[in-house]
Amino acid sequence: MIRRHFFLVAALIAVVLMLVVGGLKLAFGAKDASQAGGAGGRATSVSQMVVGERPFTDRIEVLGVAKGRQSVTITSNTPELITAVHFSDGETVRKGQVLVELKADQEDAGVSEARARLAQAERDYTRWKTLADKGIAPRATAEQYLSALDVARASVGTAQAQKLDRVLRAPFSGRVGISDVAPGMLIAAGTPIVSLDDASVIRVDFSVPDRYLRTLRVGLPIAARPDALPGETFQGKIAQIDTRIDPATRAIKARAEFPNAGARLKPGMLVKVSIDQGVRDGVAVPEAAVQFEGTQASVYRIAKGPKGMIARRTEVDTGISEGGFIEIRAGLKTGDKIVADGLNRIQDGAPIGGGQGGKKGEKGGADRKAG
């Protein structure tokens, strides 16, 4: 009985020892494999390039809203009934053209009454002046009737002005918008009747930081790119620069004008205006070669390792982006070799194999060679 128990215990101990030894072999085997891969293990094949220079355009870009040279919404200053509409939606009208007529019965009667009083005042003054000239009537009486004549003339002008308020005219030449007014409609004072825009020239007001004050000048060429018209660029110039800098934002306001002969630009469009300050050469890498983590950017520079070439993560200071390339202000220099793309397949210190090396980038572009 004791012998049988002894054999069972011995067998159990042997199984435990086998499990422990197997686990240790697996652990040390994985560690050795990891070390072998990190120090001269299988190299990763990536696309490489030699850093070169490329021209970049210094550009100020800000957003603005387009508006016509002149824009207004036609309204009435008094509540009244519309009797006639003399325009069609979207029609081009000229300055002074009658757009809408309002009911003016009382105004017509007022004009007639004022003219009748003026005629009577003229007769009275003529009669008393004749008597005064003959010495029959006092000169002061004739002067009183002259004053009454002046008042009557002013009354006619007032009555006519009140009647003109019932005729709404275009204050400038332009194009009217869509309107819902019609004869017989009663409108309140200030009710919008129709919009009128002179869009032969489009204006865009924008603000830029005061550090660009030396760059701005009247007549400076400027480009506009509307969000609603992707791929289209409109050329114009700066027409006005404000006389003051906003003390809260430290920005100065400017106004650009763009010819709009084809009426492609519409008032109210959101546009991006840009001012080119000049072209300069800078160290450049493809956008695919740069990793961004928050505000920090980095690239993988190819350097010599203990047993060959490795990818070394290098932080860089980036500038503007243009044409698929990013300007590198610090962290790289011309002639450095970097990983061009496929950054998700490598880590810092990973071996790089294949010996692929792009030619040194020529001035004006960075050449790349696929591995």
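Residues considered: Arg203, Arg250. Of these, the only one that is more than 14 Å from the chain's Cα centre (by Cα) and not hydrophobic (A, V, I, L, M, F, W, C) is Arg250.
Of Ser195, Ser207, which residue is under 30 Å from Pro79 (Cα atoms) and part of a strand (DSSP E or B)? Working first, answer last.
Numbers: Ser207 fails: under 30 Å from Pro79 (Cα atoms).
That would be Ser195, the only listed residue that is under 30 Å from Pro79 (Cα atoms) and part of a strand (DSSP E or B).
Looking only at the range 177-199, decide whether some residue is within 19 Å of the chain's Cα centre (by Cα) and either more than 15 Å from Pro267 (Cα to Cα) or surrounded by 15 or more Cβ atoms within 10 Å (Cβ to Cβ) (or both). Checking the range 177-199: at least one residue is within 19 Å of the chain's Cα centre (by Cα) and either more than 15 Å from Pro267 (Cα to Cα) or surrounded by 15 or more Cβ atoms within 10 Å (Cβ to Cβ) (or both). Under the condition of being β-branched (Val, Ile, Thr) and buried (at least 21 other Cβ atoms within 10 Å of the Cβ), the residues counted in the range 51-73 number 1.
Just one of (1) surrounded by fewer than 16 Cβ atoms within 10 Å (Cβ to Cβ); (2) modelled with pLDDT under 90; (3) part of a strand (DSSP E or B) fails for Ile275. It is (1).
Within the bounds of the range 157-173, is there any residue that is farther than 30 Å from Thr92 by Cα and among the small types (Gly, Ala, Ser)? Please lay out each step first, then the result.
Just the residues of the range 157-173 that are farther than 30 Å from Thr92 by Cα, to begin with: 157-159.
Adding the requirement that they be among the small types (Gly, Ala, Ser) leaves 157, 159.
Within the range 157-173, one or more residues are farther than 30 Å from Thr92 by Cα and among the small types (Gly, Ala, Ser).
Among the residues of the range 226-247, is there at least one that is touching a residue at least 60 places away in the same chain (Cβ under 8 Å), more than 30 Å from His86 (Cβ to Cβ) and surrounded by 16 or more Cβ atoms within 10 Å (Cβ to Cβ)? Yes, the range 226-247 contains a residue that is touching a residue at least 60 places away in the same chain (Cβ under 8 Å), more than 30 Å from His86 (Cβ to Cβ) and surrounded by 16 or more Cβ atoms within 10 Å (Cβ to Cβ). In the range 75-86, the condition of being surrounded by fewer than 14 Cβ atoms within 10 Å (Cβ to Cβ) and at pLDDT 90 or above is met by at least one residue.
Scanning the range 163-177 for residues that are at pLDDT 90 or above and in contact with a Ser or Thr (Cβ under 8 Å, 6 or more places away or on another chain) gives Leu168, Ser173, Gly174, Arg175, Val176, Gly177. All of (1) modelled with pLDDT of 90 or more; (2) under 30 Å from Thr92 (Cβ atoms) hold for Pro247 with one exception: (2). Would you call Lys95 in contact (Cβ under 8 Å) with a residue 40 or more places away in the chain, surrounded by 13 or more Cβ atoms within 10 Å (Cβ to Cβ), within 30 Å of Arg175 (Cβ to Cβ) and among the basic types (Lys, Arg)? No: the conditions fail for Lys95. Against the numbered list (1) within 15 Å of the chain's Cα centre (by Cα); (2) loosely packed, with under 12 Cβ neighbours inside 10 Å, Leu265 comes up short only at (2).
The values are calculated or read from the model by the stated rules, or taken from the named source; none is laboratory data. Computed from a predicted structure; not experimentally measured. Neighbour counts are summed over all protein chains in view; Cβ atoms, including those assigned to glycine, are modelled from backbone coordinates with ideal geometry.
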